[in-house]
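Presented below is the structure to which this report refers.
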Amino acid sequence: MKIHSPFIPVRAKTNNFSHTVDVVGRSYVFGVDGMLQSVVADGRELLSAPVRLVSIEDGDEPKFNSNYPDNESESFIQKRSDEKAIICGCKQSKRFIVDFCSTVHFDGSCDVDLKLMPK
């Protein structure tokens, strides 16, 4: 597929455990767990805080395992092309695994697929 002006091909890069996806006029940053940390459009941050998952597990907030290199659940770029970039990652708590898969398209739209699974 040819990307027509004013759009540009999607650029996706990794820095440590985070991923930045740039499209025309917009930049998305995904954290180590694959959740959106930042969305900048025309130089302005659109998020007041990183996206977070709000839930209750056994009557309390879940404690997610944040030792990503050891639990092998850090985010990664599953696919990158001129048309789109797909970023995947997950969070693990005592009872659940939350799987994230976000697709950023060349026009700046972003689809987020979230799956909640019992361990």
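The values are calculated or read from the model by the stated rules, or taken from the named source; none is laboratory data. Computed from a prediction, not measured in an experiment: that's the story for all the values here. Note: ideal-geometry Cβ built from the backbone for every residue, glycine included; neighbour counts use all protein chains shown. We work out accessible area using only protein heavy atoms, side chains counted, and drop any ligands, DNA or RNA first. Shrake-Rupley method; radii C 1.70, N 1.55, O 1.52, S 1.80 Å.
Structural remarks
- Cα lying deepest toward the dipole's positive end in the chain, options Gln92, Leu47, His105, charges on Cβ: His105
- Normalised per residue, the accessible area of region 1-68 is 66 Å², obtained with a 1.4 Å probe and no contribution from ligands, DNA or RNA.
- Taking the three principal axes of the alpha carbon atoms in region 29-87, the coordinate ranges are 43, 28, 16 Å, sorted in descending order.
- Cut-off 15 Å, label 7 Å out along Cα→Cβ of Asn65, residues of region 77-119 by amide N: 90-99, 117-119
- Total formal charge among the other residues, if their Cβ is under 9 angstrom from that of Glu57, Lys/Arg +1 and Asp/Glu -1: 0
- Contour minus Cα-Cα distance for Ser81 and Leu53 (0.36 nm per residue): 7.2 nm
- Cα-based convex hull, the chain, per residue volume (Å³, whole number): 100 Å³
- Distance violations [Cα-Cα > 24 Å] among Lys63/Lys115; Lys2/Lys115; Lys13/Lys119: Lys2/Lys115; Lys13/Lys119
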